Amino acid sequence: MADTKILVVDDEPRMRKLVRDFLVKEGFIVLEAGDGQQGYDMFMDNKDISLIIMDVMMPKMDGYETSEAIRKVSQVPIIMLTAKSEEKDELKGYSLGIDEYITKPCSPKILVARVQAVLRRTNSDQAQTKIEAGGIVLDRSAHLCSVDGKNIDLSFKEFELLDYFLVNQGIALSREKILNNVWNYDYFGDARTIDTHVKKLRTKLGDKGKYITTIWALGYKFEVVNE
């Protein structure tokens, strides 16, 4: 992870220091911003930032506003770290295209593990090929998705979820298995997280969304339906 740059945006200096110390210990380069506006400006000035850890409740621009502004120009992975734990808050974050939603208090070791997991998937050697099914094409090296030749915007997590579905075509996948493989084994999530992402993914795929079918009491299956 040498030379990997991470931006931590939080208005609590103590929290920034805690996160920074653990990340630096693992060899990351850490930039800090004390509010959303400063975080946005810093990201725009440093295009080599590999990941952002974002608080929600901040002055000038909150985490939602900042994430929305960044998503207009970049698909850089965003981990939202916040004390706002209600379902509507989490859903709002995912609707803006964030990749992880972690509720405070959170073990710094778990946070670092999730950062490493996201970056491993981003830089995976397996991401050097294209995969296609039913008119859906994933370019892993460029992290791009197209449907019938038209590019569509997917968040980092949506892309990884679709990739997992394509690799496992025709196989019934439990929610637990999806969590373990897409969110990694150290992700303490629940079925709601997967269901939210699947719903958004289906919408973005348009007519191709029907290829993702729900298996009652189990999970999902991706299968190209010939009509």
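Only the coordinates and a few stated rules stand behind these numbers; no lab work does. Treat the numbers as computed from the prediction; the structure is a model and nothing was measured. FYI the Cβ positions are ideal-geometry reconstructions off the backbone, even for glycines, and counts take in every protein chain you see.
Here are the numbers for the structure shown:
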read-out	value
Under-16-angstrom lysine pairs by C-alpha in the stretch 126-222, whenever the two are 8 or more apart or on separate chains	16
DSSP H segments from the chain that extend 30 Å or more along their own axis, Cα-based, with Kyte-Doolittle mean of 1.6 or above	none
Theoretical ellipticity at 222 nm over the chain - DSSP helices of four or more residues, -39500 (n - 2.57) apiece, nearest 500	-11500 deg cm²/dmol
The stretch 126-222: Rg to Rh, with Rh as the Kirkwood radius over Cα pairs	0.94
Paramagnetic label zone (point 7 Å from Cα along Cα-to-C-beta, K177; backbone N under 17 Å) in the stretch 199-227	212-224
Per-selection metrics, the chain (Cα): Rg and Dmax in Å	17.5, 58
Residue with peak Gaussian network fluctuation, the chain [Cα springs, cutoff 10 Å], from D62, D41, D148	D148
Cα centre as origin, Lys/Arg/Asp/Glu Cβ charges: the chain dipole, Debye	340
Highest-MSF residue in the chain out of D99, D48, D11 [GNM, Cα springs under 10 Å]	D48
Farthest toward positive dipole pole in the chain [+1 Lys/Arg, -1 Asp/Glu at C-beta], among Q75, G34, A133	A133
GNM flexibility winner over the chain from V19, V118, V56 (Cα, springs under 10 Å)	V19
Nearby aspartates and glutamates by direct alpha-carbon distance to K17 (threshold 13 angstrom, same-chain neighbours under 8 apart not counted)	E32
Cα shape, the stretch 5-122, gyration tensor, a/c 1.5 rule	rounded
